[in-house]
Amino acid sequence: QLLDEFILPSSRTYVDLMRQKENDFCDIHIQRSMTHSAISRGVDELDKTIPRSETMGPMLSSRSIPVCGTSESAKAAYNLIVALCDSTPLNYRCLVESLLELFYSEVVPTMNIEWEYMPGYSIRSPNSYVGLKNGGATCYMNSVFQQIFMIEPLRNVIINANFTDDISVEEMDYSVSEEQYHVTILKAVQSIFAHLLGSEMQFYSPKFFWKHFRFYGQAVNVREQQDALEFYNALFDSIDEGLKKLGEPTICANLFGGMFADQKICKDCPHRYQREETFTSISVDVRSHNNLLDSLKEYVKGDLLNNDNAYLCEECNKKVTAVKRLCVAKLPPYLTIQLKRFDFDWERDSPQKFNDYFEFPLDLDMMPFTVHGLAQAEGETSKELTHSPVTDSGRGTSERVSPETNDACGATDTSTSEVKLEDNNNTKYCLRGVIVHSGQANGGHYYSFIRSEEDGGRWFKFDDTDVIEWHLNKEEMQNMWFGGEYIAESFDNSNHYQKKRQKRWWNAYLLIYEKNDYLIFRDT
């Protein structure tokens, strides 16, 4: 018992797992990792299991807990074994038999390992999370994966997805149809989430996802960095399409999908026109304003259509002065906001990054930027809208609509009907996660900051294989997220001490907010 449960639990687990594989036995639950910090809330947490897909592969019902996680504890355990075997032949015989079974039995592959072997993997720190290996330039993937993994409703849906076939991730064919491709990606994501949830290792290498994932139909190059938001959109598409193929409800669109209202408000007559567009993120400018609230106000301000660019009112059959604007008709449970820090300089023919100072709050009220909020601010009576068909033009990153297009295609007269309010009146959010980009426009590094609800609201920094707790305060937020300038202290060539203002090249790129009432709904 001392060897199996305390000193060599991982080896015992491996042998038992290989035997289960030979017997084609599969447990139907993933055991939570015991070193997960949630166990600090009580011993009862140790017995909790997470329902999962039965097609995921075998996992043991008993946990393997590497108690000796440090060199000091390993040395103490070794000294204990020596002391127990020194004067008791029965203990010595028990030790030899256990070592033979664990390391030299038929179920264990023969390995020629030299003394003082240093494994390439290490046990993760207690009260922390599993990291993800960087394949060369896959930090944009890792930062997004960790964000969505920490959203429990999404995580549970993916882990519970059941596949009709029994093909492992390793056996999947790369050259498959588009429908099968999405199922392949979903299964690869399921494997990643299972390891992030149940592994005791410091990190997991998602090499099967790298092998199968495609960007715009092309195989991904793990040494070429891509945009984190583009990956976010492509991943969500594949997850939802994969779930559809399995006959299950979509999850990404339900959690992250909102609705824009593309409005044309006539000033010379009482008519209004509105067309709805779906979105999964909102993109705001960081150059014209230095904070999120002001940038969102600019986002919904709209443009005046007059003179030669006047709007053709279909009801009046004449051109009138009108305001064209884009605002929010429906808010999602999780709101993703992109800070537009990247652009392309056509004169220099090169990409550029804006490291301007831009702050954002921990708590955000989106009411002023909704159809209802704008109507209230303008002193108008809420009226019901007969909405035109929803379009996908707002899919992914949504820019402000240009005033150059003034057609009323698909729009409906709303002068005599009531504005449709949101299904949920709560428009207040709290910050859940931040994806930071560090570096220049043509390269750099992505990493994530995430607030863990499972750990009492503590913040963690996920930087590929390294996951550490991060203590949130105003100074840290300004230094790690907001960009702008800071005072750098250094010595010049003459060894004279100097202070110089420098730009922070690391700053927030994607923000993920969680709706407050959704937290209550989720917990109940």
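Bear in mind that the values in this text are calculations on the coordinates, not laboratory data. The model shown is predicted, which means the values in this text are computed figures rather than measured ones. As a convention, Cβ positions derive from the backbone with ideal geometry for all residues, glycine included, and neighbour counts pool all protein chains shown.
Observations on the model:
- Per-residue Cβ neighbour counts within 10 Å put SER122, SER71, SER295 in the sequence SER71, SER122, SER295, beginning with the fewest.
- In plain terms, the residue of CYS313, CYS94 with the fewest other Cβ atoms within 10 Å comes first and the most crowded comes last, giving CYS94, CYS313.
- Diffusion coefficient of the range 178-312 by Stokes-Einstein, Kirkwood radius over Cα pairs, 20 °C, 1.002 mPa s: 114 µm²/s.
- Taking other C-beta atoms within 10 angstrom as a stand-in for reagent exposure, ARG214, ARG341 fall in the order ARG214, ARG341, fewest first.
- Multiplying each eigenvalue of the alpha-carbon gyration tensor of the range 131-253 by 5 and taking the square root yields semi-axes of 19, 17, 15 Å, largest first, rounded to whole angstroms.
- For PHE342, the residues whose amide H sits under 5 Å from its own are PHE354, ignoring neighbours fewer than 5 places away on the same chain, with H placed 1.01 Å from N.
- Distances between placed amide hydrogens fall under 5 Å for PHE462 paired with SER448, PHE449, ILE450, all partners being 5 or more residues away or on another chain.
- Residues whose placed amide H lies under 5 Å from that of GLY302, excluding near-sequence neighbours: LEU326
- Residue-by-residue Karplus 3J(HN,Hα) for the range 486-497, coefficients 6.51, -1.76, 1.60, Hz, glycine and proline x: 9, 8, 9, 9, 7, 10, 7, 5, 8, 6, 9, 5
- The alpha-carbon atoms of the range 320-383 define a convex hull whose volume equals 183 cubic angstrom per residue.
- Evaluated at q = 0.11, 0.13 Å⁻¹: base-10 log I(q)/I(0), Debye formula over Cα of the range 445-524: -0.46, -0.60
- Calculated from backbone phi, Karplus (6.51, -1.76, 1.60) coupling profile of the range 321-332 in Hz, x at Gly/Pro: 6, 8, 10, 10, 8, 10, 9, 9, 9, 8, 9, x
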